[in-house]
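Visitor: One structure, pasted below without further comment.
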Amino acid sequence: MNIFGLFERRVGEALERLAEAGRVPAGIDLSKVVVEPPRDQSHGDLATNAAMAVAKSARLNPRELATLLIEDLQADPRIAGLDVAGPGFINIRLRPDVLHDVVRAALADPAGFGRSGQGAGAPVNVEYVSANPTGPMHVGHGRGAVFGDALANLLAFAGFAVAREYYVNDAGAQVDVLARSAFHRYREALGEAVGPVGEGLYPGDYLVPVGRLLAERHGPALTAQPEAEWLPVVRAVAIDAMMDLIREDLATLDIRHEVFFSERSLKDGPVDAIRETIADLRARGLVYEGRLAPPKGQLPEDWEDREQTLFRATEFGDDVDRPLLKSDGSYTYFASDIAYHRSKFERGFRQMIDVWGADHGGYVKRMNAAVKAISGGEAALDVKLCQLVKLLRGGEPVKMSKRSGDFVTLREVVDEVGRDPVRFMMLFRKNDAPLDFDLAKVVEQSKDNPVFYVQYAHARCASVFRQAGEGGFDAGDRAALAAADLSVLDDEAEIELMRRIAAWPRLVEAAAAAHEPHRIAFYLYDTAAAFHALWNKGKDLPQLRFVKHGDERSTMARLGLVGALMGVLGSGLAVLGVAAPDEMR
């Protein structure tokens, strides 16, 4: 039950009636009309910008139009009061039974309350992590992994058909470096005195097992071969081992992708998809041979003033046209990326979301241009950039890991603090804002630790039901709770909690539309704070305690409120991929 969507439709109907009466023109665009919580709760339960959003089309002053809308809306039996504020906002005060109906709806279907048909089953591809398969995941990868996974959960909750995809970068120069690094460990496993890992190779101990595996499979045979022969053999084994390692790292955060798409398959598959993509773009006049102007400022060392095969990226909003072939005739990374996103489009995805590290920000415009080109404007790409994570312990920077060689692994962090703190805290900040992750603070049991504060609210809800059961109340009878007389919930703290429960369905749709799962984390924290405030108020005011022996009427009503809240907290934590415990130890 989304009361905001319900009253948005109600406002639309009011405008239609005004049009039928000839008081405003017909066919007014309502796309900018919203119904939302007022900034100041003293103003009411809902607020709408309708009068201001359509005043120009209606050819009326916003306050004049607001007055006409109020004349229509005041006949609605669910509305207790209406007034015009500022330049034309309409504030709406609801009758108490509207919020009571919300509580009953949340009680009737705890897992389904807040779920939305917004996505209407539309397929959406969420590609996230896509770390190079050259070693274990680090904390920065973890932020993109958690963000992408929570966004996929959120979109599924909002009714989209979500595909979770990992793009395996197994075709670039970095995987050849991986192979040479593994070959060093292979020779080491054979007993050769190879010395320390050479400069430019990956130094971490995680490749020691790969070297042993190669020694078991091939004995010393590979050492007799030239690099051109052993490199593809070692590379394939090393990539498989690294992808197994990455899957294990992701599993510690309960992250599992449905699709692992190989970059190498674009060129080495049944057809050369990159060549096919370039040919398709060329046939549409979007690829040409030409020269690029030199970049502004100091010229990069690898810049060449030569005729190149270029994609007309500027026709689709990019700053310059982009090369598709290197000077040696091989494909650029960009050419591979165009072919990859063309594959997504051919697989039926018109909505694509890529989660990248912040260092790829300069790549966004060209990829948006590419998706517009390969789809003829049918597909949309939203690139979400995740900023860096600064790892601290008690405010001090954390030293590097021996296992990885030059960074702290994600696995080490999860092993130390647990899955839930990692997932929640990675989302308790907007993705494009830097994040300080303090290993000491995320395990504190205090209000200052958001994940504890929210989980503790859920556990407190469960404790209320245990206390009620011990007191002889039939707390497990959801029908009895839904039938309770909720009119006893008249304290402002109780009303605030009902308002917050009512806000959940709208919050889900808004967060899904914006591709911003952090909104769920913020909502959960604020809602938990409202519940803890009511709990503490009950300590001072016995009449507000959740369980009152000898007073079944108020106890069942408050159990209904707590049950509805518990369902919302559980759903929100599930979207974030965080456990909703019934007890905190």
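Visitor: Using Cβ contacts closer than 10 Å as the measure, can you line up 60, 250 from fewest to most?
Guide: On the way: 60 20, 250 23.
Ascending Cβ contact count within 10 Å gives the list 60, 250.
Visitor: If the reach is capped at under 17 angstrom between alpha carbons, list the aspartates and glutamates near residue 390, excluding any in the same chain fewer than eight residues apart.
Guide: Straight-line reach from residue 390, under 17 Å: 359, 406, 412, 416, 432, 436, 438.
Visitor: While we're here: Got a sec? How would 306, 466 order by Cβ neighbour count within 10 Å, fewest to most?
Guide: Listing 306, 466 from fewest to most nearby Cβ atoms yields 306, 466.
Visitor: Quick check on the chain: of the DSSP beta bridges with both residues there, what percent are antiparallel, nearest 5%? Walk me through the intermediate numbers first.
Guide: Values: 21 of 45 bridges.
So the antiparallel bridges in the chain amount to around 45 percent.
Visitor: For residue 243 paired with residue 327, estimate the spin-label separation in nm (one decimal), with each label point 7 Å from Cα along the Cα-to-Cβ line.
Guide: Going from the residue 243 label point to the residue 327 one covers 3.4 nm.
Visitor: Further, regarding this structure: Quick one: of 296/384; 365/441; 296/430; 267/384; 267/296, which pairs are farther than 30 Å apart, Cα to Cα?
Guide: With Cα atoms farther than 30 Å apart: 365/441; 296/430; 267/296.
Visitor: Among 202, 462, 424, whose Cα projects farthest towards the positive end of the dipole of the chain, with charges put on the beta-carbon of Lys, Arg (+1) and Asp, Glu (-1)?
Guide: The Cα lying farthest towards the positive end belongs to 462.
Visitor: Take the Cα of residue 346, step 7 Å along the line toward its Cβ, and report every residue of region 246-290 whose backbone nitrogen sits under 13 Å from that point.
Guide: Label zone hits: 265-281.
Visitor: A further question follows. Straight distance only, please: which lysines reach the Cα of residue 548 with their own Cα at less than 25 Å, same-chain residues fewer than 8 apart left out?
Guide: The reachable lysines, counting only those whose Cα sits under 25 Å from residue 548, are 537, 539.
Visitor: Applying the Karplus parametrisation 6.51 cos²θ - 1.76 cosθ + 1.60 with θ = phi - 60° to the phi angles of region 379-384, what ³J(HN,Hα) value in whole Hz is obtained for each residue in order, glycine and proline being reported as x?
Guide: Each residue's phi maps through the Karplus curve to give 9, 10, 10, 10, 9, 9 Hz.
Visitor: For labels at residue 430 and residue 553 in the simple 7 Å Cα→Cβ model, what's the distance in nm?
Guide: Reported label-point gap for residue 430 and residue 553 is 4.8 nm.
Visitor: Now for a different question. Using a Förster distance of 51 Å, how high is the FRET efficiency between residue 378 and residue 537, based on the Cβ-Cβ distance and rounded to 0.05?
Guide: Given R0 = 51 Å and the Cβ-Cβ separation, E is 0.40.
Visitor: Calculate how steeply helix 208-218 sits against the longest principal axis of the alpha-carbon atoms of the chain, using the helix alpha-carbon long axis, and give the answer as 0 to 90 degrees to the nearest 10.
Guide: For helix 208-218, the angle is close to 50 degrees.
Visitor: Please name whichever of 90, 53, 5 sits farthest to the positive end of the charge dipole of region 3-94, dipole taken about the Cα centre and charges placed at Cβ: Lys and Arg +1, Asp and Glu -1.
Guide: 53
Visitor: Another question, then. Lysines near residue 32 by alpha-carbon distance under 18 Å, same-chain residues fewer than 8 away left out - which ones?
Guide: Qualifying lysines at Cα under 18 Å: 56.
Visitor: Calculate the length of the line joining the C-alpha centroid of region 460-476 to that of region 546-585, in whole Å.
Guide: 10 Å
Visitor: Can you list residues from other chains, or at least 5 along the same chain, whose modelled amide H is less than 5 Å from the amide H of residue 436?
Guide: 390
Visitor: Let me know the charge dipole size of the chain about its Cα centre in debye, to the nearest 20, where only the beta-carbon of Lys, Arg (+1) and Asp, Glu (-1) is charged.
Guide: Roughly 520 debye for the chain.
Visitor: Here's something else I'd like to know. Just name one of 360, 349, 313: the one whose Cα is farthest towards the positive end of the charge dipole of region 268-367 (beta-carbon charges, Lys/Arg +1, Asp/Glu -1).
Guide: So the residue we want is 349.
Read-outs throughout are calculated quantities, based only on the coordinates presented, and are distinct from any laboratory measurement. Remember, it's a predicted structure, so these values are computed and weren't measured experimentally. Counting neighbours? That spans all protein chains shown, and the Cβs are built from the backbone with ideal geometry, glycine included.
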